[in-house]
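FYI, it's all coordinate maths here, none of it is from the lab. From a predicted model like this one, the values you see are computed outputs, not experimental measurements. In this analysis, Cβ positions are derived from the backbone assuming ideal geometry, glycine residues included, and neighbour counts consider all displayed protein chains.
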Amino acid sequence: MLEFTKPTIEYVELLPLLIVLGGACLGIILEAFLPRGKRWLPQVALTLVTIGAALGSTIWLATDLEERADGAARGLVGAEGSIIVDGPSLYLWGLILVFALAGTALFAERRLEHGVSAFAGQAAALPGSEAERESSAQGLEHTEIYPLLLFAVSGMLLFPASGDLLMMFVALEVLSLPLYLLCGLARRRRLLSQESALKYFLVGAFSSGFFLYGAALVYGYAGSVTFAGINEAVRNSAGDRTLLLAGIALLSVGLLFKVGAVPFQSWTPDVYQGAPTAVTAFMSAATKVAAFGALLRLLYVAFGAERWSWQPMLWVVAIATMIVGAVLAVVQTDVKRMLAYSSVAHTGFLLTGVLGVQSAGDLAEGQYTSLEGVLFYLTTYGFATVGAFAIVSVVRDAGGEATGYTRWAGLGKRSPLVAGAFAFFLLSMAGIPLTAGFIGKWAVFTSAMSAGAWPVVLVAIAASIMAVFFYVRHIRLMFFSDPEPGEVGAVSNPSVLTTATVAICLAATVVLGVVPGPVLDLVTRTGDFIR
């Protein structure tokens, strides 16, 4: 007779995740019972309080982290082995929640659209129809975006903390489905927004299928879906090796799609351009943090003993991603598409860091492991890209956001502070010294060099030099070019929400470039993954 064993859930250690899920469910209840015209303020307040409480509990857990289980690693394997709360998980959670706070502030911006948000008033209305015009005239807006954001954040928190393939797949779907919806809710350029959402959904569905099929093959090889069980099977060389290699390849497709690596980057420019800029800002930073955390855990924990099999694949993908991202960014004439291809190039730089040395014992003094380098790079890139997209949202003309290059000509003369902040974010992305981006690239490049991946580092340096061209070209356009006759972009007066977001991101980019020591020390103290 089979006996049922009650599962043990570590509620305290999973508190940040539970807080976000609880806030998302409460947001759905508010949508059901509050009148439509009175939902905005409660939803914004609930979202900010929820994310703030989750961030506070994450900091508390990080400070209280102690030796658990066998004492070999700092952290906890919880939820019957499905969720792992260790140093890297908590750092990634904190980073995701910080960017979620910034995303919420941008979501709540209403002054730029004359009292309403940048999201559609009625998503089901056909673009250009009478129903859409009526919803705009009435000032309607979708406050469902806040529960959707919280659900996406919950998936992002779960993604890098997953302890088995099934939980990782669930997290992948939970973070992806709300983003598909959010990308199609732009108030302006409705057809472009809907097209971006459909492309994101279709390509995401294919990537999910690849991931699930890969999980089935790895289970066929190892007889287990837990990362610890897979790692043990790989070390013991148990099962059919063909299943293992095919499974690693298919799982990698699913995760490389989420990070926007070549050849799975085709969705990136269209989605970044068509989605509401607030969604683009949040998605470009938080999704990349969650996806790289999951990729690192999968490759290092489950397939760490098979490093020499997946490493050549990542060499090729990293090189192709850097070259394609840098080359295609040069020919763009739209700011959001330029930043999208810039994001692709940065994915290649991050993959270069993944190729680095995994153990601190194999490094000389002053060098950083691949995990430490990637975590710091994610921090620097996240602040720069959120700040850059926040500025894009305030440069406008009569048709809304002015994303064409010609609209930005002479912006430095009309609004020197805004243009200067945007220029600084671009310089950080380019990796210019005394910016956060320079320290981030130095960390991942030195880690990869220590592992012998010098050809990839050489390509990364060449791609960085190429990237300087299109970043500096845009800076020259803003400060040293005169606008053509016709309408030009002007800086609208945003609320304190967008202003504070830009100011915080700018301050973080400056501090991380001038005084990176405290954050580098924090990254070092996070330790390694529980294996």
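Summary of computed values
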quantity	calculated
Rg followed by Dmax, in Å, when the range 257-311 is reduced to its Cα trace	13.9, 42
Kirkwood estimate for the range 470-511, i.e. one over the average of 1/r between Cα atoms, Å	12.9 Å
Formal net charge of residues neighbouring TRP408 (Cβ-Cβ distance under 14 Å; K, R +1; D, E -1)	+2
Equivalent ellipsoid semi-axes, the range 152-234, via Cα gyration tensor eigenvalues times 5, rooted, Å	32, 14, 6
FRET efficiency estimate (nearest 0.05) - Cβ-Cβ, VAL330 to THR5, R0 56 angstrom	0.40
Under Karplus coefficients 6.51, -1.76 and 1.60, residue-wise ³J(HN,Hα) of the range 388-399 in Hz, glycine/proline x	5, 5, 4, 5, 4, 5, 9, 8, 9, 9, 5, x
Modelled FRET efficiency - R0 22 Å, PHE479 with LEU434, Cβ distances, 0.05 increments	0.70
Potential extension, ARG36-ARG531 segment - 0.36 nm per residue separation minus Cα distance	173.4 nm
Highest average packing first - 29-41, 257-269, 514-526, Cβ atoms within 10 Å	257-269, 514-526, 29-41
Amide H contacts under 5 Å for ALA451, placed H, 5+ residues apart	VAL357
Calculated log₁₀ intensity ratio I(q)/I(0) where the Debye formula runs over C-alpha points of the range 370-494, q = 0.14, 0.16, 0.17, 0.19 Å⁻¹	-0.66, -0.79, -0.86, -0.99
Computed helical MRE - 222 nm, the chain, DSSP H runs ≥ 4 contributing -39500 (n - 2.57), nearest 500	-22000 deg cm²/dmol
Cα-centred dipole magnitude for the range 15-525, charges only on beta-carbon of K, R (+1) and D, E (-1), debye, nearest 20	980 debye
Residue-span extension gain [ARG241 to LEU26] - 0.36 nm each, minus C-alpha spacing	72.7 nm
Percentage of interatomic Cα-Cα distances in the range 180-220 larger than 16 Å	48 percent
Isotropic mean projected area of the C-alpha convex hull, the range 197-265 (nm²)	4.7 nm²
Inter-label distance, nm, simple model (7 Å from Cα along the C-beta direction), ARG414/TRP454	5.0 nm
Listed peptides 440-449, 51-60 by packing density, highest first (mean Cβ within 10 Å)	440-449, 51-60
Reciprocal mean inverse distance between Cα atoms of the chain - Kirkwood radius, Å	23.4 Å
Lysine pairs with alpha-carbon atoms under 22 Å apart, the range 15-525, spacing 8 or more or separate chains	9
FRET E, pair THR524, GLN311, Förster distance 30 Å, beta-carbon r, rounded to 0.05	0.80
Most to least packed among 203-212, 179-188, 497-506, 85-94 [average Cβ atoms within 10 Å]	85-94, 179-188, 497-506, 203-212
Alpha-carbon Rg/Rh ratio, for the range 203-324, with Rh computed the Kirkwood way	1.02
Point-to-point label distance, TRP60-VAL491, nm (Cα→Cβ direction, 7 Å offset)	4.0 nm
Table column - 3J(HN,Hα) (Hz), the range 50-55, Karplus curve with 6.51, -1.76, 1.60, x for Gly and Pro	4, 5, x, 5, 5, 5
